[in-house]
1. Step by step: first the residues of the range 47-66, then only those that are exposed (fewer than 13 other Cβ atoms within 10 Å of the Cβ) and among the β-branched types (Val, Ile, Thr), then the one that is nearest to the chain's Cα centre (by Cα). Which residue is that?
2. Restricted to the range 1-30, and to residues that are touching a residue at least 40 places away in the same chain (Cβ under 8 Å) and of a type in the set (A, V, I, L, M, F, W, C), which residue is surrounded by the fewest Cβ atoms within 10 Å (Cβ to Cβ)?
3. Quick check on the range 77-94. Is at least one of its residues out of contact with any Asp or Glu (no Cβ under 7 Å at 6 or more places or on another chain), assigned to a helix (DSSP H, G or I), surrounded by fewer than 17 Cβ atoms within 10 Å (Cβ to Cβ) and without any contact (Cβ under 8 Å) to a residue 24 or more places away in the chain?
4. Could you list all residues from the range 31-49 that are out of contact with any Lys or Arg (no Cβ under 8 Å at 6 or more places or on another chain) and without any contact (Cβ under 8 Å) to a residue 40 or more places away in the chain?
Amino acid sequence: MADLDLSPAARADLVEIRKYSIEQFGSDIADPYFFRFEKAFAVLRTHPLSGQPQPTLGRDIRCYTHRKHRVFYRVEAELVLIVRIIDHARNTRRELIK
């Protein structure tokens, strides 16, 4: 099983997702959605190559879809590095180069 880490940008994405979800839907809906990211991360730790390669977005970038968000990551030896977590409606390329 691989280790997993989040980039500072991915950590900020999670904070934004949580804040937005609570504001828009309330914590009764936001909490379960947010905590399901742990399940998505567990899948990536167990099956790090399960996401689709995204060669046009950067070197070794892969994408794993979690409901309405896309988890962009790369595998570095025994580490899954979550680079960004982006809503499916956002411009991925623009968000990745921020």
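Values in this text are rule-based calculations from the coordinates and carry no lab data. Computed from a predicted structure; not experimentally measured. All Cβ positions, even for glycine, are placed from backbone atoms using ideal geometry, and neighbour counts span all protein chains on display.
1. Here the residue is THR65.
2. Applying the filter and picking the extreme gives MET1.
3. Within the range 77-94 (the criterion being out of contact with any Asp or Glu (no Cβ under 7 Å at 6 or more places or on another chain), assigned to a helix (DSSP H, G or I), surrounded by fewer than 17 Cβ atoms within 10 Å (Cβ to Cβ) and without any contact (Cβ under 8 Å) to a residue 24 or more places away in the chain), the answer is yes, since at least one residue qualifies.
4. Passing the criteria: ASP31, PRO32, PHE35, GLU38, LYS39, ALA40, ALA42, VAL43, HIS47.
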